[in-house]
Amino acid sequence: MHRFLVAISLTLTLALTLHAADWPTFLGPTRDGVSTEKGIIKPWPEKGLRKVWECDLGRGYAPPVVATGKLYHCDRFGDNIRLTARDATTGKELWKYEYATTYEDYFNYDPGPRASPVVDDDRVYLYGPEGVLCCVKTADGKEVWKVETKAKFFFHQNFFGVGSVPVVDGNLLLVPVGGSPKGPRPLDLRNAKPNGTAIVAFNKKTGEVKWTTGDELASYASPTITTINGKKTCLYFARGGLMGFDPQTGKVDFRYPWRTKGEESVNASNPVIVGDKVLLTEAYGVGSAFIDLKGGKPKEIWTDREKDRLDKSLMCHWNTPIHVDGFVYGSSGRHTEDGDLRCIELATGDLKWRQKRTTRCSLTLIDGHFICLSEYCDLSLIKVNSTKFEEVSKYEVPGLEYPCWASPVLSNGLLYVRGKGKLLALELIPQKK
């Protein structure tokens with residue numbers, strides 16, 4: 001009887017694990033904007049998706065994350081950075097954690113968090129715009145440890161503050177720091193020198209530094225762990241280009257320079273990983289590069305390097321494009337007025353279709369469709385189709401205000417969208433009564 005009960009318990013646990021649809025970090029559990037959930041409403045009602053709940057937010061741009069029934073979001077209220085936990089289905093506030101900040105943005109953008117939280121087991125990690133790294137308990141928000149990375153490693157303030165999202169690997173928390181030797185910030189950031197702390201590995205339980213690696217400055221892309229040449233590898237699209245390294249030791253395996261020559265430029269899209277091949281894309285000048293990492297040395301398959309700006313295949317700003325069956329879909333364009341949606345053939349970079357004047361958007365893939373949130377609050381359902389742009393539904397979300405720069409989040413049938421000062425939970429998959 002005991003064995004039977006144990007078997008039933010294990011079965012139920014496995015079922016809950018398999019059916020759980022947590023979104024515990026930036027761009028979801030696989031950090032590529034892809035959801036495995038099924039059964040979305042399509043087409044949408046004429047007035048849009050049903051609002052389940054909403055809440056007011058402070059300042060900042062970070063998307064929320066969801067794990068084990070809780071939603072976590074980061075904002076700034078006055079001179080405090082705040083991490084809030086809520087019931088994911090009702091929006092009820094459960095607890096909050098705060099620390100003081102003096103961060104000011106060089107370009108006068110909101111001085112709140114850019115990076116989403118990261119949930120791992122019973123801990124949640126927060127990386128603030130000034131570089132403060134915090135670990136708190138998911139149960140009650142009690143602080144476990146905190147590190148001021150700028151004081152410990154030193155870095156020159158990037159254009160929009162700190163924006164990369166750390167990644168967990170085993171007992172390590174890998175954090176993009178991008179430090180420099182101490183001294184005044186150069187008038188031209190291209191003259192800043194690295195100090196070997198592109199990535200810093202912390203013991204995720206204690207905050208102890210285990211190793212540092214990489215002569216690169218920080219970007220706004222986030223590290224992603226994958227398998228290259230049969231070996232677990234962490235890829236980070238740093239300010240100067242792509243670096244690949246062993247996530248447990250920090251040993252750098254390769255580096256591929258990729259950034260525009262201008263000072264005021266950033267790499268913000270995560271690498272798109274397809275087997276041993278990787279697509280890099282940015283919006284400030286050079287565009288995209290598709291490279292083969294098999295054999296341990298980057299080999300270019302095609303790039304936008306020599307193309308005129310109007311002929312470049314894909315120039316993603318802060319949207320990470322999504323790969324489906326040999327084609328890549330993304331929001332291309334640095335500025336609002338030249339933002340468009342594109343589909344390109346991955347193997348060649350050839351443009352398959354282009355939908356103009358969509359403004360800058362974020363894409364999330366679910367159930368054969370893209371959820372597209374534009375910066376001006378338009379929410380669209382677009383069918384995955386490499387031959388043409390096929391919009392199924394579209395509406396302007398009531399209650400949202402520009403800028404909607406946070407990527408949509410999906411968890412257990414609910415779609416969470418953020419705009420200025422507001423977070424909404426919408427019913428994307430019909431809820432069981």
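Since every read-out is calculated from the coordinates, none of them should be taken as a lab result. Since the model is a prediction, treat every value here as computed from it, not as a measurement. Heads up, the Cβs are rebuilt from the backbone with ideal geometry, glycines too, and the neighbour counts pull from every protein chain shown.
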Seminar exercise, completed: With +1 on the Cβ of every Lys and Arg and -1 on the Cβ of every Asp and Glu, the dipole magnitude of segment 257-364 about its Cα centre, in debye rounded to the nearest 20, is 40 debye
Exercise. Quick one: which of 74-86, 247-259 comes out on top by average Cβ neighbours within 10 Å, and what's the full order, highest first?
Worked result: 74-86, 247-259
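At 222 nm, what value in deg cm²/dmol follows for the chain if DSSP H runs of at least 4 each add -39500 (n - 2.57) and the sum is divided by all its residues, to the nearest 500?
Numbers: 2 runs with 23 residues, N = 433.
The per-residue figure over the chain is -1500 deg cm²/dmol.
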Exercise. How large is log10 I(q)/I(0) at q = 0.06, 0.12, 0.13 Å⁻¹ when the Debye formula is applied to the Cα atoms of the chain, each weighted equally and without solvent?
Worked result: -0.23, -0.99, -1.18
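As a footprinting exposure proxy, order 405, 23, 211 by other Cβ within 10 Å, with the fewest listed first. If you can, show how the numbers build up before the last one.
On the way: 405 23, 23 27, 211 15.
So the residues, fewest neighbours to most, are 211, 405, 23.
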For this session: Please report the base-10 log of the normalised intensity I(q)/I(0) for segment 299-419, using a Debye sum with one equal scatterer per alpha carbon and no solvent, at each q in 0.10, 0.12 (1/Å).
Result: -0.30, -0.42
Exercise. What translational diffusion coefficient, in µm²/s and rounded to a whole number, does the Stokes-Einstein relation yield for segment 270-352 at 25 °C and a viscosity of 0.890 mPa s, taking the hydrodynamic radius as the Kirkwood radius over Cα pairs?
Worked result: 194 µm²/s
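Using the per-residue mean of other Cβ atoms lying within 10 Å as a proxy for protection, in what order, highest first, do the peptides 188-196, 363-371 fall?
Details: 188-196: 14.9, 363-371: 21.0.
Ranked from most to least packed, the peptides come out as 363-371, 188-196.
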Problem set entry | Taking 22, 87 and counting other C-beta atoms within 10 Å, the order from fewest to most | 87, 22
For this session: Whole Å is fine, so just give me how far the alpha carbon centre of segment 210-250 lies from that of segment 107-162.
Result: 19 Å
Seminar exercise, completed: Over all directions, segment 33-169 yields a Cα convex hull whose mean projected area in nm² is 10.4 nm²
For this session: Could you go through segment 325-335 in sequence order and give the Karplus-derived ³J(HN,Hα) for each residue, using 6.51 cos²θ - 1.76 cosθ + 1.60 with θ = phi - 60°, rounded to whole Hz, and x for Gly and Pro?
Result: 6, x, 10, 10, 10, x, 8, 10, x, 6, 10
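Of 263, 337, how do they rank once you tally other Cβ atoms within 10 Å and put the fewest first? Present the calculation step by step, with values, prior to reporting the outcome.
Numbers: 263 13, 337 9.
In order of increasing Cβ crowding within 10 Å: 337, 263.
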Problem set entry | 10 Å binning of all Cα-Cα separations within segment 309-369, expressed as whole percents from 0 upward | 25, 57, 18, 0
Exercise. Just going by the charge dipole of the chain, with Lys and Arg at +1 and Asp and Glu at -1 on Cβ, which of 372, 176, 160 is farthest out on the positive end?
Worked result: 176
Problem set entry | HN-Hα J in Hz across segment 74-89 - Karplus 6.51, -1.76, 1.60, θ = phi - 60°, x for Gly and Pro | 10, 8, 10, 10, x, 9, 10, 8, 10, 9, 10, 10, 10, 5, 5, 8
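Summing +1 for each Lys or Arg and -1 for each Asp or Glu, what net charge is found among the other residues whose Cβ lies under 15 Å from the Cβ of residue 188? Could the numbers behind the result be given before it?
On the way: positive: 185, 190, 193, 239, 259, 261; negative: 263, 264.
Combined, the nearby Lys, Arg, Asp and Glu give +4.
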